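Undergrad: There's a structure below that I have some questions on.
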Amino acid sequence: MKLLRRMAKVPLGLTAPAFALLLVVFGAPITLLFLSSVNAPDFSFQYYGAFFAQPANVRVLFQTIEISLVATAICLIVGYPTAYLIVTASKTLRMTLIALVIIPYLTSGLARTYAWIVILGDRGVINNILLDVGLIDRPLQLIYNRTAVYIGMVHIMLPMMILPLVSAMMGIDRSLMAAARSMGAGPFTAFRRVFLPLSIPGARSGSLLVFVFCLGFYITPAALGGLRDAMLSTFIAAEVNSSFDIPRIAAASFILLGFAIVVLSMVGLDLSGKQEQSQTRAPKGSMSRLPIVLVIKRNFSEILRPYRVKRWTGRRYVPGAERRWPKVVAIVFIVLVMAFLLFPGIIVVIMSFSSGAFLQFPPSGLSLQWYRSFFGDASWSGAAWTSVEIGVEVAVISTLLGTLAAFGLSRISARLRGVLTMIIITPITFPVIVVGIATYLGLIQIGLIGTKGGIALAHSIGAVGIVVVIVSATLANFDRTLEQAAKSMRAGPLQTFFRVTLPLIRPGVIGGAMFAFLQSFDEAVITSLVGGLSVRTLPLKMLENIRHQIDPTIAAVASLLMLLPLIWMLVLYAVWWRSRPSMQRTLQEAAA
């Protein structure tokens with residue numbers, strides 16, 4: 001308790017436990033990994049040269065970048081109009097659509113990948129329907145190719161593109177569009193000249209997040225793609241399983257990491273919307289700075305000026321005509337996007353109740369046999385219980401350390417807070433295979449490989465970053481004068497924290513704990529490296545079944561994993577609903 005009191009007097013001291021965990025499990029090991037890649041202490045780039053000397057390695061590297069770029073572009077093309085339609089919908093419909101986007105976002109990525117295997121497989125839903133109606137006489141090759149990889153990756157990453165776009169678009173003043181329309185601008189012109197530039201920060205943040213996460217994709221390309229669709233993460237994982245040549249693995253990891261860092265440094269991970277100045281300069285590209293281009297542009301503009309003046313005068317103050325077909329197109333588009341996000345999960349849930357011996361859609365009969373198989377099989381239920389144990393440990397560790405760190409970061413200068421926050425969230429911005437190898441090297445030094453505790457620590461370094469982000473967002477809206485009022489009534493720092501601050505930020509803390517649990521419960525890549533053959537979690541058991549057999553029990557497991565985020569959302573809503581009276585009471589006591 002005395003230690004906490006001393007740490008509370010120094011805000012940076014509250015971040016010390018989180019940074020200590022990050023340093024031991026991730027910071028020091030990844031430094032050693034980098035030194036191995038440059039052949040320290042002799043310091044040479046021989047392993048990097050050896051990597052680029054192999055044409056197959058270079059092809060996999062460019063293939064990784066190509067797949068990540070295409071997946072990001074598809075997510076942006078689909079996600080931008082989806083976010084726009086969500087923002088422009090009525091309040092009730094908007095909240096419903098946002099919830100429908102969040103549900104697949106929180107659902108296990110492994111379960112969603114399995115859903116596409118079921119849908120696209122040779123005996124999958126699509127091939128069965130086409131065979132039944134007689135359009136084809138043999139199954140189409142819909143899986144184990146590049147198209148299947150894009151479908152799976154876009155399905156997983158699309159919510160991550162939509163949510164930042166919705167956040168950015170919600171902050172745009174609608175009166176600006178109305179003002180542009182009242183001055184004679186058409187709907188498209190008002191959108192292009194007003195709304196689009198203001199929404200670009202959200203598009204940039206979403207694209208950056210999607211691209212960086214796509215760089216580290218491992219399970220989905222391996223499950224849905226063919227041998228020619230391997231990404232660099234798959235190559236690194238294969239090196240780990242075959243030779244475990246640390247310098248070669250380190251060189252490949254830092255090449256992958258280097259691309260992520262280059263993109264982050266070029267685009268900048270700024271979710272606060274401070275790119276407005278750069279946006280105003282963006283239209284003036286390099287071509288526009290050329291004198292000849294400026295002259296042509298100015299003369300062309302002068303030629304069109306009389307026409308524009310006449311057109312603007314005629315349209316000014318004229319209300320736009322209501323057209324039905326844009327609304328019809330918008331409704332069809334948003335329905336198709338929501339169906340794409342939710343349809344795979346619904347298919348798997350229905351098939352999990354099949355009474356047949358194999359997976360089929362629609363099921364010939366209804367039964368709970370695969371759920372009984374899950375709970376009656378010790379290998380499945382044991383793996384599920386192990387995941388629950390590790391998830392609870394991760395939630396406790398990351399909530400304690402993350403809340404302390406967020407509280408300390410909220411008390412320091414904005415510039416230092418930005419730098420330290422970026423360091424804390426590093427494990428969730430780096431490719432997961434790189435984080436997995438670094439944590440493996442860190443935990444093997446302290447003898448925690450193959451233990452549940454080691455897996456919990458490995459998961460916690462990413463979960464702490466998640467808790468810090470969520471609790472920091474809650475603290476950003478916290479009124480500091482309430483704490484000053486409590487202290488003026490002779491309350492100590494700890495008493496003020498537990499009686500005033502904690503009750504008001506409790507929903508954020510509980511939300512961070514839930515996200516930390518979900519992140520740990522769904523993790524497979526880091527777990528496979530740190531757990532080895534000793535610890536079997538539910539995602540590893542699912543991955544093993546996906547690779548070697550299609551046991552229908554896995555449909556029941558995937559259905560339960562899809563149900564989990566719904567339960568968490570209901571719990572979070574109930575906590576928020578119940579905390580409202582206590583929050584109001586705390587505010588009244590502090591004000592009194």
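Undergrad: Place +1 on the Cβ of every Lys and Arg and -1 on the Cβ of every Asp and Glu in the chain, take the dipole about the Cα centre, and give the residue among 120, 103, 25 whose Cα lies farthest towards its positive end.
TA: The residue sitting farthest along the positive end of the dipole is 103.
Undergrad: Could you calculate, for the stretch 407-562, the ratio of the Cα radius of gyration to the Kirkwood radius, expressed as Rg to Rh?
TA: Values: Rg = 19.9 Å, Rh = 18.1 Å.
Result for the stretch 407-562 is an Rg/Rh of 1.10.
Undergrad: For residue 32 and residue 422, what does the FRET efficiency come to when R0 = 30 Å and r is the distance between their Cβ atoms, rounded to the nearest 0.05?
TA: On the way: r = 22 Å, r/R0 = 0.72.
Step by step, r from the Cβ atoms, then E = 0.90.
Undergrad: To the nearest 20 debye, what is the magnitude of the charge dipole of the chain about its Cα centre, counting +1 on the Cβ of each Lys and Arg and -1 on the Cβ of each Asp and Glu? Could you put the intermediate results ahead of the total?
TA: Values: 49 positive and 23 negative charges, 621 e Å.
Using Cβ point charges on Lys, Arg, Asp and Glu, the chain gives about 2980 debye.
Undergrad: Another question about this same structure. Mind ranking 529-537, 199-207, 93-101 by how tightly packed they are, going by the mean number of other C-beta atoms within 10 angstrom, highest first?
TA: On the way: 529-537: 19.1, 199-207: 22.6, 93-101: 16.2.
Ranked by mean Cβ neighbours within 10 Å, highest first: 199-207, 529-537, 93-101.
Undergrad: At a 10 angstrom cut-off on C-beta neighbours, averaged per residue, how do the peptides 552-564, 50-62 rank from highest to lowest? Mind showing how you got there, number by number?
TA: Details: 552-564: 22.6, 50-62: 13.4.
Going by the mean number of other Cβ atoms within 10 Å, highest first, we get 552-564, 50-62.
Undergrad: Taking the highest mean first, how do the peptides 34-46, 17-29 order by number of other beta carbon atoms within 10 angstrom per residue? The partial results should precede the final answer.
TA: Working: 34-46: 13.7, 17-29: 19.2.
Result, highest mean Cβ count within 10 Å first: 17-29, 34-46.
Undergrad: Would you mind calculating the gained length between residue 262 and residue 392 on full extension (0.36 nm times residue separation, minus the Cα-Cα distance), in nm to one decimal? Each step should come with its number before you reach the end.
TA: Working: separation 130, 0.36 × 130 = 46.80 nm, distance 3.55 nm.
Difference between extended and current length: 43.3 nm.
Undergrad: Under the 0.36 nm per residue contour assumption, what length would be gained going from the current alpha-carbon distance of residue 533 and residue 95 to full extension? If you can, show how the numbers build up before the last one.
TA: Numbers: separation 438, 0.36 × 438 = 157.68 nm, distance 4.38 nm.
Extending this stretch completely gives an extra 153.3 nm.
Undergrad: Kindly state, to the nearest 0.05, the FRET efficiency for residue 140 paired with residue 54, given R0 = 45 Å and r defined as their beta-carbon distance. Let's see the in-between values first.
TA: On the way: r = 34 Å, r/R0 = 0.77.
It comes out at approximately 0.85.
Undergrad: Once Lys and Arg get +1 and Asp and Glu get -1 on their Cβ, which of 387, 508, 309 lies farthest toward the positive end of the dipole of the chain?
TA: Checking the options against the dipole of the chain, the answer is 309.
Undergrad: Now for a separate question. Along the charge dipole of the chain, Cβ charges K/R +1 and D/E -1, which of 368, 218, 474 sits furthest on the positive end?
TA: 474
Undergrad: Could you check the simple spin-label distance between residue 547 and residue 241, using points 7 Å along Cα→Cβ, in nm with one decimal?
TA: Modelled inter-label distance: 0.4 nm.
Undergrad: Starting from the 7 Å offset along Cα-to-Cβ, what nm value, one decimal, do you get for the label separation of residue 302 and residue 174?
TA: Result for the modelled spin labels: 4.3 nm.
Undergrad: Percentage of Cα-Cα pair distances in the stretch 1-115 greater than 16 Å, rounded to whole percent? Write down the numbers at each step before the final one.
TA: On the way: 5299 of 6555 pairs.
Tail of P(r) above 16 Å: 81 percent of Cα pairs.
Undergrad: If each residue of separation counts as 0.36 nm, what is the full-extension length gain between residue 88 and residue 411 once their alpha-carbon separation is subtracted?
TA: Gain in length upon complete extension: 112.6 nm.
Undergrad: Further question on the same structure: Can you pull the percent of the chain's accessible area that's carbon plus sulfur, 1.4 Å probe, other chains left in place? If you can, show how the numbers build up before the last one.
TA: Values: 20160 of 30190 Å².
Carbon and sulfur together cover 67 percent of it.
Undergrad: Return one whole number: the accessible area per residue of the stretch 443-544 in Å², for a 1.4 Å probe. Spell out each step's value before the answer.
TA: Numbers: 4120 Å² over 102 residues.
With all protein chains present, the stretch 443-544 gives 40 Å² per residue.
Undergrad: Now a separate question. Grab the beta carbon distance between residue 129 and residue 44, set R0 = 51 Å, and tell me the FRET efficiency rounded to 0.05.
TA: Numbers: r = 58 Å, r/R0 = 1.14.
The value I calculate is 0.30.
The values are calculated or read from the model by the stated rules, or taken from the named source; none is laboratory data. Not measured: the values here are computed from a predicted model. No Cβ is skipped: glycine too gets one built from the backbone with ideal geometry, and neighbour counts run over all protein chains shown. Note: accessible area is taken over every heavy atom of the protein model, side chains too, but ligands, DNA and RNA are not part of it. Shrake-Rupley method; radii C 1.70, N 1.55, O 1.52, S 1.80 Å.
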